[in-house]
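Single-structure report; data block below.
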Amino acid sequence: MPGGSAAVQDAVAELAEGYCSHKQCLIHNDLHTGNLLLSPKDCAPAISCIDWEFAAYGPIAFDLGCL
């Protein structure tokens with residue numbers, strides 16, 4: 001990360017390692033097409049998730065199964 005502190009870089013690296021080595025993670029828990037926002041065609045492609053009140057720690061593929 002350009003300009004980031006060493007502590008932030010270490011924290012991000014630790015989170016990334018945990019994400020890659022665990023079978024559970026932060027999940028949306030209510031993911032469906034009504035909770036996805038797509039950017040307009042003239043912008044860089046982006047998808048944003050909204051409505052996070054049911055977010056929890058759970059099975060890594062749970063949200064994928066909901067779609």
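The values are calculated or read from the model by the stated rules, or taken from the named source; none is laboratory data. Source: prediction; values computed, not measured. So basically every Cβ, Gly included, is an ideal-geometry build from the backbone, and we count neighbours across all protein chains shown. Keep in mind that these areas ignore ligands, DNA and RNA; they rest on the heavy atoms of the full protein, side chains included. Shrake-Rupley method; radii C 1.70, N 1.55, O 1.52, S 1.80 Å.
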(message) Can you confirm whether residue 67 is in contact (Cβ under 8 Å) with a residue 24 or more places away in the chain, of a type in the set (A, V, I, L, M, F, W, C) and surrounded by fewer than 10 Cβ atoms within 10 Å (Cβ to Cβ)?
(response) yes
(message) What are the pairs with Cβ atoms under 7 angstrom where one residue, in region 43-58, is in contact (Cβ under 8 Å) with a residue 12 or more places away in the chain and the other, located anywhere, is assigned to a strand (DSSP E or B) and open to solvent by 100 Å² or more (accessible area, probe 1.4 Å)? Sequence gap at least six, or different chains.
(response) 55/26; 57/26
(request) Return the total of residues in region 33-60 being hydrophobic (A, V, I, L, M, F, W, C) and touching a Lys or Arg at 6+ places or on another chain (Cβ under 9 Å). (result) 1
(message) Checking the structure you have, find out if any residue of region 17-26 is open to solvent by less than 80 Å² (accessible area, probe 1.4 Å) and either aliphatic (A, V, I, L, M) or touching a residue at least 40 places away in the same chain (Cβ under 8 Å) (or both).
(response) no
(request) Working only within region 38-48, note down all residues that are open to solvent by 80 Å² or more (accessible area, probe 1.4 Å) and under 23 Å from residue 60 (Cβ atoms). (result) 47
(request) Kindly establish whether residue 34 is in contact with a Leu (Cβ under 9 Å, 6 or more places away or on another chain) and small (Gly, Ala, Ser). (result) no
